[in-house]
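The values are calculated or read from the model by the stated rules, or taken from the named source; none is laboratory data. None of these values were measured; they are calculated from a predicted model. Reconstructed Cβ throughout: ideal geometry from the backbone, glycine too, with neighbour counts over all protein chains shown.
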Amino acid sequence: MAKSSSAFTCTACGAAHKKWAGRCDACGEWNSIIEEAPLSQGPGRGLGAHKGRAVPLSNLSTTEPPPPRSRSGMEEFDRVLGGGLVPGSALLVGGDPGIGKSTLLLQHAAALSRTGRQAIYFSGEEASAQVRMRAMRLGLADAPMRLGAETNLRDILTTLEAERPDLAVIDSIQTLWSDTIEAAPGSVAQVRASAHELVTFAKRRGVAVILVGHVTKEGQIAGPRVVEHMVDCVLYFEGERGHQFRILRSVKNRFGPSGEIGVFEMTGSGLSEVANPSALFLSERGQPIAGSAVFAGIEGTRPVLTEVQALVAPSTLASPRRTVVGLDSGRVSTILAVLEARCGIPFAGLDVFLNVAGGMKVVEPAADLAIAGALLSAREDSALPPEAVLFGEISLSGALRPVGQAENRLKEAQKLGFTQAILPEAQKVEGQGGMAQRRIADLTGFVGEVFGAG
Ligand code: TYD
Ligand code: MG
């Protein structure tokens, strides 16, 4: 058996290291590696120490019904989960401090309790009185959910064992501590052990458990990524500071599609659901403006229209600015390079600012054409047709590649009053959809067709 010595763990991703280093090889994070006492391996714990039992095996065909789900009535939340909470599932809700996780989960637990299910919310960060005050402000004071202020894992598990609610919210996993582990609350060892016990409890008793985790930039506090692999469902609550919109995004879901989003707006009285995000993200549109392009995107299973905005201005800097918010900056650099190399339109000597309106993040390659459209429109100071949406992926050769779910994109655009779509020539569209389709083979063709120049 290996000699037990102290081990080093990355607080960002949980990777184990033999020795300390300034930077974690696994995730690239700096100053995230800390020393930890090893977990003791008792005698006889190794493989082959005792005989196991034969595991019953089955085939893949099943007559089992899909898992029953509890809908909370908070539609945006239920959708992100794939139709509601699955009993016995473990979820992680991660996000920056102050983004609104506690508010979201308090509202969700209250909504669920109003449907007749039992919900308990454990707060480790705020006193009960504080949470009650917030609930009052959110108009939730009459919801039949219950509240506990506790950070001791043993006490929480004992309470849950006695109560067996349908949902337990733990806010946050980084405040929990278990007396069986010799490490500070928030350390990788504590967070991992606490999460493991709660997940095991969830499975054994059929209680849905939601763990809240703060995203941490550095230091001794373990980030939510340490528990991502243990839970059934990982949700991130994101938004730009200074914007009121918040997006709940599923990055992993064992019971439904991942990549699904729910959109909320932070108001003076809590989070309100945004049922039609396209209308919201486009709400600032009026007159045709140079530098603006509407992208018909897909988020999860839902089409969402967003506005890509570009500003191009002469630069006084030796290496001009490339400021990108809400888009992948690598993708933007590629598109700038393709415009220069394939269409002969240089951006050298020009500062470029790109932004997605409303604080939305767009990661789909299908947004390429809208990005190119916004850039060209800003550079030429010529507005794109205001009744048009754009989508299509740009390859390095400058060709436009078709993307998935064209019908859904067109349908959503039509619903919002757009009458024209600019899309790749090779794009297959089932059913016309009532939209005029301007089909374009490559970026040079796009420049000629839309801006009347080569
Ligand atoms: P909170 O849920 O405490 O964030 P987290 O748990 O992710 O740290 O929310 C914090 C912010 O939300 C706080 O800065 C104020 C804002 N907020 C509102 O704007 N309206 C509200 O009704 C509430 C409860 C919070
Ligand atoms: Mg909080």
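Here are some notes:
- The range 395-414 - residue that is touching a residue at least 60 places away in the same chain (Cβ under 8 Å) and within 15 Å of Phe295 (Cα to Cα) and, of those, surrounded by the fewest Cβ atoms within 10 Å (Cβ to Cβ): Gly404
- Listed by position, the helices (runs of 4 or more DSSP H) contained in the range 126-221 that have at least 3 residues being of a type in the set (S, T, N, Q), surrounded by fewer than 17 Cβ atoms within 10 Å (Cβ to Cβ) and within 16 Å of ligand 2 (Cβ to nearest atom) form an empty set.
- Total residues in the range 230-283, condition surrounded by fewer than 18 Cβ atoms within 10 Å (Cβ to Cβ), in contact (Cβ under 8 Å) with a residue 12 or more places away in the chain and part of a strand (DSSP E or B): 6
- From the options Pro65, Pro87, residue that is away from ligand 1 (no atom under 16 Å from the Cβ) and at pLDDT below 90: Pro65
- Leading residue by the ranking (farthest from Ala374 (Cα to Cα)) among those in the range 298-333 that are of a type in the set (D, E, K, R) and surrounded by 15 or more Cβ atoms within 10 Å (Cβ to Cβ): Arg302
- Residue match in the range 171-191 (condition: modelled with pLDDT of 95 or more, within 16 Å of ligand 1 (Cβ to nearest atom) and under 24 Å from the mean Cα position of the chain (by Cα)): no
- The lone criterion from (1) within 13 Å of ligand 1 (Cβ to nearest atom); (2) in contact with a helix residue (DSSP H, G or I) (Cβ under 8 Å, 6 or more places away or on another chain); (3) among the hydrophobic types (A, V, I, L, M, F, W, C) left unmet by Met133 is number (2).
- Flag for Pro365 being at pLDDT 95 or above and closer than 18 Å to Glu299 by Cβ: yes
- Given (1) within 28 Å of Val226 (Cα to Cα); (2) without any contact (Cβ under 8 Å) to a residue 60 or more places away in the chain, number of the condition Leu167 does not satisfy: (2)
- Among (1) on the phi > 0 side of the Ramachandran plot; (2) more than 28 Å from the chain's Cα centre (by Cα), the one test that Gly206 misses: (2)
- In summary, Phe264 fulfils each of the numbered conditions (1) of a type in the set (Phe, Trp, Tyr); (2) within 10 Å of ligand 1 (Cβ to nearest atom); (3) more than 22 Å from Ala195 (Cα to Cα) with the single exception of condition (2).
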